[in-house]
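Read through the structure below, which is laid out as structure tokens, and then see the notes.
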């Protein structure tokens, strides 16, 4: 069994990992870290959600930072502000015992840009940003990327799904020839392949952790056939059987998210809605409550749920099927983390069965019908 020391990580960072109960490297970490530490050239890593991708690229970046240089040396792009903030927090935890201070700045939407511009005037070694906010800063000439050695595209498929192709083109064109690009993604849709072909070296190293397991094998995939009007009743029945277990209910629209949450609350479930219509402070408050186990059930849209990293979720419910297969992968990856089991339950009517079969075929999984 490999250790982080075997992978080339220094004792300074290993001490912080152990403090955060990160002891045994995951498959993506075992395969990626030695290359990123020793070569660090263009890299493509494919691994399912929740497999430790942040540490896989974060530790090599931290280890390569030259702290005497106060300029930005690494840029990490994430699809949502929540994920960006989470990445920055993890990098801060990993570098707790570093001999010299490594400065990480989270630059995302939802915060005052003037304050972020002021923060970037301080020594900054690593920037974690959403694509839209970074383009804003570039257009204002408020960020200096002349010293960066590495760009990481984290959850690259999600960035395309959220409509950031134009921004990614702008950023990657702006920094062309000055850096290595490390791309991490759970899936490889055509848009990602186009980015790889255009911006990464033809000799880029590619790894697929658990290449035959795009979906975690510890997830039990199930579905219930029910009419739309019966979904609230079926959902309630399932949640009651779950007892004190925690999980996420996914809806495609903000309206459904709010309606489902209100229905559950009226039935005395400890639930709350998370969607894009909420103020940033409200969203952060809800996510803190969910992570701290004060909130049992989160009802969320796909976009709002990105960046939630909670290991002990027993289930996810697809109240409505996602409109992209990649979303099924990301949704289901919220459960069965850290070696635990989990349930992915779809509530479908007869019109959804064809879509369900496509998900089964494309992801090579079996989704079994149950009666509730």
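When a/c reaches 1.5 or more, the comparison of a/b and b/c decides; with that in mind, is region 50-149 rounded, prolate or oblate per its Cα gyration tensor? It comes out oblate by the Cα gyration axes. In the chain, helices alone account for a calculated mean residue ellipticity at 222 nm of -11500 deg cm²/dmol, with every DSSP H run of four or more residues adding -39,500 (n - 2.57). Return the whole-Å distance between the Cα centroid of region 1-51 and the Cα centroid of region 233-296. Using only Cα atoms to place each centre, the spacing works out to 34 Å.
Take the Cβ atoms of residue 67 and residue 242, set R0 to 56 Å, and the FRET efficiency comes out at 0.75.
Per-residue Cβ neighbour counts within 10 Å put 1, 287, 279 in the sequence 1, 279, 287, beginning with the fewest.
Every number here is computed from the coordinates shown, using simple stated rules; none is lab data. No experiment lies behind these values; they were computed from the predicted model shown. FYI the Cβ positions are ideal-geometry reconstructions off the backbone, even for glycines, and counts take in every protein chain you see.
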